[in-house]
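Q: Quick one: the structure is below, questions incoming.
The values are calculated or read from the model by the stated rules, or taken from the named source; none is laboratory data. Note that this is a predicted model, so its numbers are computed, not measured. Here Cβ is always computed from backbone atoms with ideal geometry, including for glycine, and neighbour counts include all displayed protein chains. The area values use the complete protein model at the heavy-atom level, side chains included, leaving out ligands, DNA and RNA. Shrake-Rupley method; radii C 1.70, N 1.55, O 1.52, S 1.80 Å.
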Amino acid sequence: MSRLAVTCHAVNLAQGFPDFPAPDEIKRAATSAIMEDYNQYSITWGGKDLRNAISQKAIKYNHIEADPETDITVTCGATEALMAAMLAIINGGDEVIIFEPFYESYGPDSAVSGAIPRFVPLNDDFSINEEALVSAFNKKTRALIINTPSNPCGKVFTKYELNLIADLCAEHDVIAVSDEIYEYIVFDNKKHISIASFDEMRDRTITLGGFSKTFSVTGWRIGFAIAEKTLSSAIRKVHDFLTVGAPTPLQRACLAGLSFPDSYYKELAGMYEKRRDFLYDTLTKAGFRCHMPEGAYYILADMPEGTGMDDMTFARYLISEVGVAAVPGSSFYHSEPGKHKLRFTFSKKDETLQEAARKLEKLNI
Ligand code: PMP
């Protein structure tokens, strides 16, 4: 859709990357690191200073105690952390529970690691369907993937829901792979909770994170996996052979970012909250039915009634005839409901969102 958007000069609200600049401080730190010759391989599992800083952040923000020497692996984005985690824990034929709608990587990660995905649809309001979740667990279940805040639907899992998941994981000896890449982008005074902070989950969770979203640097490719040392040791082995290590100068730059004051994170969430409200109004006026996201930077919207098109056809129509790009909902669903939805991102400058709003006013269904 991004490629088509370029061809048709459409406003790209498809791919989730900011079109505004990253903070100057970390850009300066990146260029200084290169000029100071931090240009060779780093330690495979990440520079010591960065692991120390991630460990401190994990205690303060996530309430997870992680030994930087043994429990943290710096990776090429959360994307690599996810693949390394799956390859580390899956034996062929193991089942992995995935909530639907899901982030696109989870299916392919399961396929590559040899896992069989078991999709558990969330309710229409994106709450957990407890019955469906309980019945998804069986003797073959090895892992469950959670994404909070969620891409594509902006769901922030509640303490009650995480407790339910934790109890089931403990009962069935299952590992939670918790993708928390949007951990700082949470709205309406909601709280981000890491499942690894629950006592019974400490040793059975792999927490994935990264700096793509937090510091608006999706092209830098720096992420991390936090897990107790036996799991981390397996993740580190896979990581070594996947990528050897994450880019050294950019690890230094992310380290600089980790010393930003708390106000940075507050401003980040506040800025996205305003853009969420704007896009929500825009889409509602254009005839979409939207669920208000609680976090991350996407709106998963039901297509206006009466288009007579499926999601893919409508997404193409929206690009070529209206001039706005979104992602077809079926990218995030294994089942039917995706065919009636589109995902829009609000990780864009005000001007970009305003231009999209002007174009969407012309949508006549
Ligand atoms: N998980 C989710 C839910 C995402 O939305 C993304 C980025 N779109 C990633 C992981 C990958 O992040 P990274 O840039 O760190 O690889």
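Q: In nm, give the distance between the simple-model label positions of S32 and D124, each being 7 Å from the Cα along the Cα-to-Cβ direction.
A: Those two pseudo-labels are separated by 5.5 nm.
Q: Here's another thing I want to ask about it. Find which of Y61, I128, I97 sits farthest along the positive direction of the dipole of region 34-185, computed with +1 on the beta-carbon of Lys and Arg, -1 on that of Asp and Glu, about the Cα centre.
A: I97
Q: May I ask you to list the lysines whose Cα is less than 19 Å away from that of K48, ignoring any residue fewer than eight positions away on the same chain?
A: The reachable lysines, counting only those whose Cα sits under 19 Å from K48, are K57, K60, K229, K237.
Q: How much of the DSSP bridge set in region 157-298 is antiparallel, in percent, rounded to the nearest 5?
A: 55
Q: Heavy atoms only, probe 1.4 angstrom, no DNA, RNA or ligands counted: give me F198, F17, F187 ranked by accessible area, highest first.
A: Values: F198 20, F17 70, F187 0 Å².
So the residues, ranked largest to smallest area, are F17, F198, F187.
Q: Here's a follow-up. Please express the shape of the chain as an equivalent ellipsoid: the semi-axes are the square roots of 5 times the eigenvalues of the C-alpha gyration tensor, given largest first in whole angstrom.
A: Numbers: eigenvalues 206, 138, 65 Å².
Sorted largest first and rounded, they come to 32, 26, 18 Å.
Q: Tell me which lysines have Cα within less than 24 Å of K274's Cα, excluding those fewer than 8 residues away on the same chain?
A: K155, K190, K191, K213, K266, K285, K341, K348, K349, K359, K362
Q: At R0 = 30 Å, how high is the FRET efficiency between K274 and H9 if r is their beta carbon distance? Nearest 0.05 is fine.
A: 0.70
Q: Would you work out what percent of the accessible area of the chain, with all protein chains in place, is carbon or sulfur (probe 1.4 Å)?
A: Details: 8140 of 15790 Å².
Answer for the chain is 52 percent, counting heavy atoms of protein chains only.
Q: Per residue and in Å³, how big is the convex hull formed by the alpha-carbon atoms of region 272-365? Write out the running numbers ahead of the final one.
A: Working: hull volume 8.1 nm³, N = 94.
In region 272-365, the Cα convex hull volume per residue is 86 Å³.
Q: Hey, could you get me the Stokes-Einstein D for region 1-118, Kirkwood radius over alpha-carbon pairs, 20 °C and 1.002 mPa s, rounded to whole µm² s⁻¹?
A: Result for D is 119 µm²/s.
Q: Apply the Kirkwood formula to region 75-229: the hydrodynamic radius equals the inverse of the mean of 1/r over all pairs of different alpha-carbon atoms; give it in Å with one decimal.
A: Hydrodynamic radius (Kirkwood, Cα pairs) of region 75-229 is 15.5 Å.
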